[in-house]
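See below for the structure under consideration.
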Amino acid sequence: MDEDRKKDNAVDRVNRAYNAYQNARSLIRLGRGAVSAARGVGALAATSEIWAPIAIALGLILFFTIIIVVLTGGPGAASELETQQSPQTSDLSSLFVTTNNGSAISDVDFYNVLKDAFSNSNYSALVTSQGPFKVIFNPPLGDFVGCQATVDGRNTITFYGFSNCSLSHQKYLALHESGHIIGNKNGRTYQSFPHSDLRAQDAGCYSRLGFLRSYFHAETGAGTSSKDESFAEAVALFLMPKERPPLTDFQNQCPNTYNWVRNNIFK
Amino acid sequence: MKARFLIIVIVISSLLLLFSVMSLILEKAQEVPPAAIKETDFSKTVPGKSTTADVIRINGKPRTTEVKETKTYFYYETRHSDFKDTVVFERGVELYALENIFDSSEANLNNVLKSYGEHETYYGAGPFLWFVFLEKGVAVETDEKEILKILYFVPQEEEGFSGLFGEELGLTKETPTPEVLRP
């Protein structure tokens, strides 16, 4: 695991160096363009007395435009910013903070469970929008075989017996619970989840109680909110579209719900 | 001749610069989304005083109504089908009004906290918190960044508020028990 982490850091460094190289090349190209333009303007100015002031004015505009482009970083500035904001594997504490009560799982292992999700910068920004979320790993509850999870308060995921489950099930549980964290910390995003409309549009995907049918308590509700649970479940299904029966083709079975998650969570 | 030349240069430069700036301004103006449609404004009615007629005069007729014992509920459509703005009357007088806020420009959490001062914190039926300003007769549902709902009520003591809105909206000061476990 440590080796993977080192590799990721190395990849990050290589990416940053490559970006810097590309930026330098862009500036050089810009400078060459400015010199050529200035030569053109000079040649134009020399040909006619009437055109001279126009050519000089155009030259001035071009000059100021180049200055503005250089100062603002040009059209590449936004994407550069986005790159800088992407989470780095070397700084897991900016994503989540764990408390381990006897269940053997490291931070790096947990990061790897959610790695696909964290690789999306919008997901990472949403799930950490009010700081890193908390994760508590507890031993299994009673004689329950397997793993369970819940969200305590608004920002804490508590797992029971997390290491007892397969990697696939760990991923599902972690994604689903992180969906709750996203909803809890981003009221506008949660508010905009059109649950009633999606129930009507993707009718076959929702139980009679309004839960996405892959949710464990879809037929009973178990005292939970169908909007809360469907929001969280949709986040999990987006990255596990073929693994949660009966919704084993999430994109095609529930196209409207899929598109909402793509456009609002993993955009 | 030299002065004339300079004037022409300055005039042309100024015109071109002006044109560029105007283009940028127009482009930015086109990016601004259209003004949000505001369905209701419950801040203009007064809980404890306004009547059904007052509410209808200011906000129009509700989409649906419901009567439960001594209370009458007016439901107004909002831009999201999952949310209804609600005004509740008791014996014809406004008891409280609940308005959904979908746009940060409609209500700002920092401004509310700054203006209204001390608040009580309640937990709601959903995942968000309620900041309650008992003396002001205002409460806001929030994710601690944005205001999601505003509740207007008759200013009152905490006991009365907890009783009424515990029953009506499921508000409580007790930390909610964790959700059911998911296997």
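The values are calculated or read from the model by the stated rules, or taken from the named source; none is laboratory data. It should be emphasised that the depicted structure is a prediction, and the values quoted were computed from it without experimental measurement. Positions of Cβ are backbone-derived with ideal geometry, glycine not excepted, and every protein chain shown enters the neighbour counts. Heavy atoms of the whole protein, side chains included, go into the accessibility calculation; ligands, DNA and RNA do not. Shrake-Rupley method; radii C 1.70, N 1.55, O 1.52, S 1.80 Å.
Scanning segment B:77-92 for residues that are part of a strand (DSSP E or B) and away from chain A (no Cβ under 13 Å), which turns out nearest to residue B:56 (Cα to Cα)? This residue is B:87. Could you go through segment A:169-183 and let me know if any residue there is part of a loop (DSSP other than H, G, I, E, B) and either touching a strand residue (DSSP E or B) at 6+ places or on another chain (Cβ under 6 Å) or not hydroxyl-bearing (Ser, Thr, Tyr) (or both). No: segment A:169-183 contains no residue that is part of a loop (DSSP other than H, G, I, E, B) and either touching a strand residue (DSSP E or B) at 6+ places or on another chain (Cβ under 6 Å) or not hydroxyl-bearing (Ser, Thr, Tyr) (or both).
Residues are listed down the side, and each one gets a yes or a no for (1) basic (Lys, Arg); (2) under 28 Å from residue A:264 (Cβ atoms); (3) modelled with pLDDT of 90 or more; (4) touching an Asp or Glu at 6+ places or on another chain (Cβ under 8 Å):
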{"site": "A:47", "(1), (2), (3), (4)": "no, no, no, no"}
{"site": "A:56", "(1), (2), (3), (4)": "no, no, no, no"}
{"site": "A:87", "(1), (2), (3), (4)": "no, yes, no, no"}
{"site": "A:105", "(1), (2), (3), (4)": "no, no, no, no"}
{"site": "A:108", "(1), (2), (3), (4)": "no, no, yes, yes"}
{"site": "A:116", "(1), (2), (3), (4)": "no, yes, yes, no"}
{"site": "A:141", "(1), (2), (3), (4)": "no, no, no, no"}
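Where residues in segment A:204-247 are of a type in the set (Lys, Arg) and either part of a helix (DSSP H, G or I) or in contact with a Cys (Cβ under 9 Å, 6 or more places away or on another chain) (or both), which of them is least open to solvent (accessible area, probe 1.4 Å)? Only one residue fits best here, namely A:227. Note on segment A:99-123: residues that are in a loop (DSSP other than H, G, I, E, B), open to solvent by less than 60 Å² (accessible area, probe 1.4 Å) and among the polar types (S, T, N, Q) total 3. Scanning segment B:128-156 for residues that are assigned to a strand (DSSP E or B) and closer than 19 Å to residue B:95 by Cβ turns up B:130, B:132, B:133, B:138, B:139, B:140, B:141, B:149, B:150, B:151, B:152, B:153. The residues in segment A:193-213 that are of a type in the set (S, T, N, Q) and facing chain B (nearest Cβ under 7 Å) can be counted, and the count is 1.
Whether a residue is at pLDDT below 95 and of a type in the set (Val, Ile, Thr) was assessed, and residue B:177 passes this test.
What do you reckon, is residue B:160 open to solvent by 10 Å² or more (accessible area, probe 1.4 Å) and farther than 30 Å from residue A:160 by Cα? Yes; evaluated as a whole, the condition is true for this residue.
Which members of segment A:214-235 meet the condition of being facing chain B (nearest Cβ under 10 Å) and small (Gly, Ala, Ser)? Listed by number, the residues that qualify are A:221, A:222, A:223, A:225, A:232. Within the span defined as segment A:202-212, one or more residues are polar (S, T, N, Q) and without any contact (Cβ under 8 Å) to a residue 24 or more places away in the chain.
Could you please find all residues in segment A:150-192 being more than 7 Å from chain B (Cβ to nearest Cβ), more than 21 Å from residue B:142 (Cβ to Cβ) and surrounded by fewer than 21 Cβ atoms within 10 Å (Cβ to Cβ)? Across segment A:150-192, the qualifying residues are A:161, A:163, A:164, A:165, A:166, A:167, A:168, A:169. Restricting attention to segment B:93-127 and to residues that are surrounded by fewer than 19 Cβ atoms within 10 Å (Cβ to Cβ) and assigned to a strand (DSSP E or B), the residue that is nearest to the other protein chains (Cβ to nearest Cβ) turns out to be B:123. Looking only at segment A:140-149, how many residues end up being facing chain B (nearest Cβ under 10 Å), open to solvent by 10 Å² or more (accessible area, probe 1.4 Å) and out of contact with any strand residue (DSSP E or B) (no Cβ under 6 Å at 6 or more places or on another chain)? Total satisfying the criteria: 3. The combined condition, being closer than 30 Å to residue B:130 by Cβ, modelled with pLDDT of 95 or more and aromatic (Phe, Trp, Tyr), is not fulfilled by residue A:172. Determine, yes or no, whether residue A:157 is out of contact with any strand residue (DSSP E or B) (no Cβ under 7 Å at 6 or more places or on another chain) and of a type in the set (A, V, I, L, M). No.
When residue A:126 is tested against (1) open to solvent by 40 Å² or more (accessible area, probe 1.4 Å); (2) within 14 Å of another protein chain (Cβ to nearest Cβ); (3) within 19 Å of the chain's Cα centre (by Cα), exactly one condition is not met: (1). Of the residues making up segment B:51-76, those that are assigned to a loop (DSSP other than H, G, I, E, B) and open to solvent by 30 Å² or more (accessible area, probe 1.4 Å) number 4.
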